[in-house]
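In what follows, a structure is listed as structure tokens, so that the remarks can point back to it.
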Amino acid sequence: MSPAKLWLRVFLAGFALITALVALTLLTPVPYGDLSRIGRLSDHEFGWRLEPPPLIEKDLIESPPNEADILVVGDSFSMTQQWQAALVHAGYRVTSTFWATYGEALCGDVDQWIAKSGFHGKLIIFQSVERLLDERMQKAQDCANGQMTKEFTSKPEPFVQPFRKVPGFELNWSAKLTSGLISYRNTRRAKEATSDVLITRQTMVRLVPDGCERFSHRLCDRALFYADDVDNGPLTTTTLERLKAFSSLRKTPLLWMVIPNKTTTYLKPDYSREFVEGFNKLGVGPDLFSLLRERRLTMRDLYFPNDTHISPHGQVLLGQVMLQEVRKILPAPPGTPP
């Protein structure tokens, strides 16, 4: 074979390969779940299909700190401001800020720091997902004699925009050339798995009992879970003691909103049992562990199948629960809906 023909064959083979990779990547759905994104799995199989509840847009807009009745210190479960919308709709003025902005640590002068922001309201809600609460309480303990170094920040609109509909298909123009092939191989591995499998360091595909009654995605006998749900370890009585110590120093009335991991809710209901039992005796917040464990049986997509977070349907439930808790402490503003 002449050098020219050999070169032409190599060129055509390379061109065909690149064309196939481009086509596969373009036709791979743009991931809209955090676990499908980091696990490089196809949302054609793992993307949720149940339409989210309608939003009242004005209820997503919060107040500046100096006008707020309620301060929420939360994490990514609060960043869409969907559960807080139930409080806003009921007439409460809410402002939200987030643990991660301050290195996950609230130091000994946190009350003065909050007052400096202009907040002089009547209630603080500390929201934390289960897997990060111990780290946050340990950091608060370590910083008990320290000072907050970063300025308080909040804004009226959601930090993360909530979903208003099921994401539609669009060509995946921004992905890397090999993304489609990697997603195809990982998704095939997930489909063929007969037991739980770690797809990446953080994304696990786990079999879910009665999964098609729990989730709306196509491959519904299994779902995606965050490995850190287990790797970070359960909450313990030590966590509880740290939480009690932190809470006892606060001058403003407070509520704790501890949201169980997705893995705890669906697969390991007793994971942080000792902490939950002690927490419930304290009476400083609702028992979301029992509530979500029960509601997973009656609400499809309580958590997203392709994400570690609670879905818009679950956010509505959280809002209803927290509104009831808030009303035990703060009377409903006059002239607001019941």
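The values are calculated or read from the model by the stated rules, or taken from the named source; none is laboratory data. The shown structure was predicted, so the numbers you read here are calculated from the model rather than taken from an experiment. Cβ sites come from the backbone with ideal geometry, for glycine too, and all protein chains shown count toward neighbours. Each accessible area value is taken on the protein alone, full model and side chains, heavy atoms only, with ligands, DNA and RNA left out. Shrake-Rupley method; radii C 1.70, N 1.55, O 1.52, S 1.80 Å.
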Self-check item: Two-site label geometry, Lys191 and Thr238: point separation in nm, points 7 Å out along Cα→Cβ
Solution: 4.5 nm
Exercise. Summarise the accessible area of the stretch 202-338 (1.4 Å probe, protein heavy atoms) by the percent that is carbon and sulfur.
Key: 51 percent
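Restricting to DSSP H runs of at least four residues, report the calculated mean residue ellipticity at 222 nm for the chain, -39500 (n - 2.57) per run over all residues, nearest 500 deg cm²/dmol.
Only helices count here, giving -11500 deg cm²/dmol.
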Quiz prompt | Nearest-ten-degree value, helix 130-142 long axis tilted from longest Cα axis of the chain | solution = 50 degrees
Quiz item: Going by a ≥ b ≥ c, the root eigenvalues of the Cα gyration tensor, does the chain fall in the rounded group (a/c under 1.5), the prolate group (a/b larger than b/c) or the oblate group?
Solution: prolate
Quiz prompt | FRET E, pair Arg37, His89, Förster distance 41 Å, beta-carbon r, rounded to 0.05 | solution = 0.85
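Please label the shape of the stretch 45-126 as rounded, prolate or oblate, based on the square roots a ≥ b ≥ c of the eigenvalues of the alpha-carbon gyration tensor (a/c under 1.5 means rounded; beyond that, a/b larger than b/c means prolate, else oblate).
oblate
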Quiz prompt | Cα lying deepest toward the dipole's positive end in the chain, options Leu323, Gln138, Met204, charges on Cβ | solution = Met204
Quiz item: From a point 7 Å beyond the Cα of Asp109 in the direction of its Cβ, which residues of the stretch 133-166 have a backbone N at a distance under 17 Å?
Solution: 140-153
Quiz prompt | Within the stretch 232-338, trypsin sites (Lys or Arg not before Pro) in DSSP loop having at most 15 other beta-carbon neighbours inside 10 Å | solution = Arg250, Lys251, Lys328
Quiz item: Given +1 on the Cβ of Lys and Arg, -1 on the Cβ of Asp and Glu, and no further charges, what dipole in debye does the chain carry about its Cα centre, rounded to the nearest 20?
Solution: 820 debye
Practice problem: Would you work out the relative contact order for the stretch 233-316, in percent, from Cα pairs under 8 angstrom that are 6 or more residues apart? | Solution: 30 percent
Exercise. Considering the options His309, Val276, Thr252, tell which one lies farthest towards the positive end of the dipole of the stretch 244-338, charges being +1 on Lys and Arg and -1 on Asp and Glu at the Cβ, about the Cα centre.
Key: Thr252
